[in-house]
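Laboratory data are not the source of any read-out in this text; all were calculated from the coordinates shown. Because the structure is a prediction, the values reported are computed rather than measured. Cβ placement follows ideal geometry from the backbone for every residue including glycine, while neighbour counts extend to all protein chains displayed.
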Amino acid sequence: MEIITLCANKGGVGKTTIALNLAYALKQRKKRVLLVDTDKQCNLTTISGANSIKGKKTILDFYKGAKLSEVITTTESGLDLVPGDKNNDETEADSFYKAIKALKYDYVIIDTSANINELTRAFMVISDRILIPLKLDILSYQGLSQLYPEILDKKIGAIVTMSDLRTKISQLAKAQIEQFCKAADITLYKSMIRQSCAIPESFLMGAPVMEYAPKSNPSIDFENLCNEILIE
Ligand SMILES: Nc1ncnc2c1ncn2[C@@H]1O[C@H](COP(=O)(O)OP(=O)(O)OP(=O)(O)O)[C@@H](O)[C@H]1O
Ligand SMILES: [Mg+2]
């Protein structure tokens with residue numbers, strides 16, 4: 001089992017989008033995948049279409065004593081999900097780690113909140129791999145080094161998201177990011193997730209973009225990213 005946590009010290013960089021689509025891509029490769037929404041915004045729960053599931057339990061029910069297997073919901077796309085909860089103020093992940101080990105998943109993908117809070121740090125500690133999305137902004141990688149104490153012993157991967165290399169400034173930002181990742185010994189995946197309105201559309205549809213628009217640019221990019229992660 002591999003636990004992968006999406007995190008960033010900037011909001012709105014594509015964590016939730018990557019969590020959902022990476023899970024979908026892994027599932028298409030017959031991997032057993034569990035998605036976990038630790039964010040109080042519950043965006044992952046919403047965009048995976050799980051909000052409409054009647055009587056669903058949430059991550060908070062787990063922390064209050066429910067069995068993890070009873071909390072897991074299956075979305076319309078066939079993805080297993082621990083739904084988020086707007087009242088989730090928990091700060092530990094050890095009980096979650098114990099419970100997850102008993103279930104037979106190949107991959108557990110954790111989506112976290114916009115800011116790095118105590119719960120995110122706890123999930124980082126139990127993770128094997130940390131994925132950090134980066135937009136092509138100058139200085140987008142600044143502050144990354146602040147993450148280090150929690151993730152020193154982890155595989156760290158950076159993913160460029162919402163990319164549009166037509167402007168000079170984004171090419172410059174890409175060069176900066178490449179330089180930074182090399183110096184910091186962070187894997188920078190070759191597959192960049194291109195900007196496309198298919199992503200917000202897929203949010204509206206409550207489905208991964210890979211299901212909603214399988215031939216769109218980001219869907220192709222997610223396929224490639226999944227391959228890179230699998231062979232690493
Ligand atoms: N490749 C893309 N092309 C176009 N829009 C995108 C792309 N990826 C994400 N977005 C849009 O950017 C916004 C932020 O994406 P997302 O919610 O995945 O980021 P996040 O890091 O999880 O945000 P938060 O920090 O609030 O949790 C969303 O409106 C989403 O539709
Ligand atoms: Mg999010």
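Starting at the first residue of the range 133-138, write each ³J(HN,Hα) from the Karplus equation 6.51 cos²θ - 1.76 cosθ + 1.60 with θ = phi - 60°, in whole Hz, x for Gly and Pro.
Taking θ as phi minus 60°, the curve returns x, 10, 7, 7, 10, 4 Hz for the range 133-138.
Could you check the simple spin-label distance between Thr74 and Arg166, using points 7 Å along Cα→Cβ, in nm with one decimal?
With each label placed 7 Å out from Cα toward Cβ, I get 4.3 nm.
Rounded to the nearest 5, what is the percent of antiparallel bridges among the DSSP beta bridges in the range 2-226?
Just about 5 percent of them are antiparallel.
How charged is the neighbourhood of Leu165? Take every other residue with its Cβ under 12 Å from the Cβ of Leu165, and add Lys/Arg as +1 and Asp/Glu as -1.
The answer is +3.
Using all Cα-Cα distances in the chain, what percent lands in each 5 angstrom bin from 0 up to the longest?
P(r) for the chain, in whole percents per bin: 1, 7, 15, 20, 21, 17, 11, 5, 2, 1, 0.
Using a 10 angstrom cutoff on alpha carbons, build the Gaussian network for the chain and name the most mobile of Ile193, Ile138, Ile18.
Ile138
Which whole-Hz couplings ³J(HN,Hα) result when phi for each residue of the range 77-87 is put into the Karplus expression 6.51 cos²θ - 1.76 cosθ + 1.60, θ = phi - 60°, listed in order with x for Gly and Pro?
Per-residue couplings from phi come out as 7, x, 9, 7, 9, 8, x, x, 8, 5, 9 Hz.
Take Lys86 and Lys104, extend 7 Å from each Cα along the Cα→Cβ direction, and tell me the distance between the two endpoints in nm.
It works out to 3.9 nm between the two label points.
Counting Lys and Arg as +1 and Asp and Glu as -1, what is the net charge of the other residues whose Cβ lies under 10 Å from the Cβ of Gly78?
Computed value for this residue: -2.
Long-range amide H contacts for Glu2: which residues qualify at under 5 Å (H placed 1.01 Å from N, peptide plane, sequence gap of 5 or more or a different chain)?
Answer set, sorted by chain and number: Tyr107, Val108.
Select from the chain the helices, each a whole stretch of DSSP H, whose alpha-carbon atoms run 15 Å or more along the helix axis and whose Kyte-Doolittle mean is at least 0.0; answer none if there are none.
Those that pass (Cα extent of 15 Å or more, hydropathy at least 0.0) are 15-28, 217-231.
Taking the chain as a Gaussian network, Cα atoms linked when under 10 Å apart, which of Ser163, Ser52, Ser127 shows the biggest mean-square fluctuation?
Per the Cα network of the chain with a 10 Å cutoff, Ser52 tops the list.
Relative contact order, percent, of the chain when contacts are C-alpha pairs under 8 Å separated by at least 6 residues?
26
Relative contact order (percent) for the range 1-127, with alpha-carbon contacts under 8 angstrom and 6 or more residues of separation?
Relative CO of the range 1-127 lands at 42 percent.
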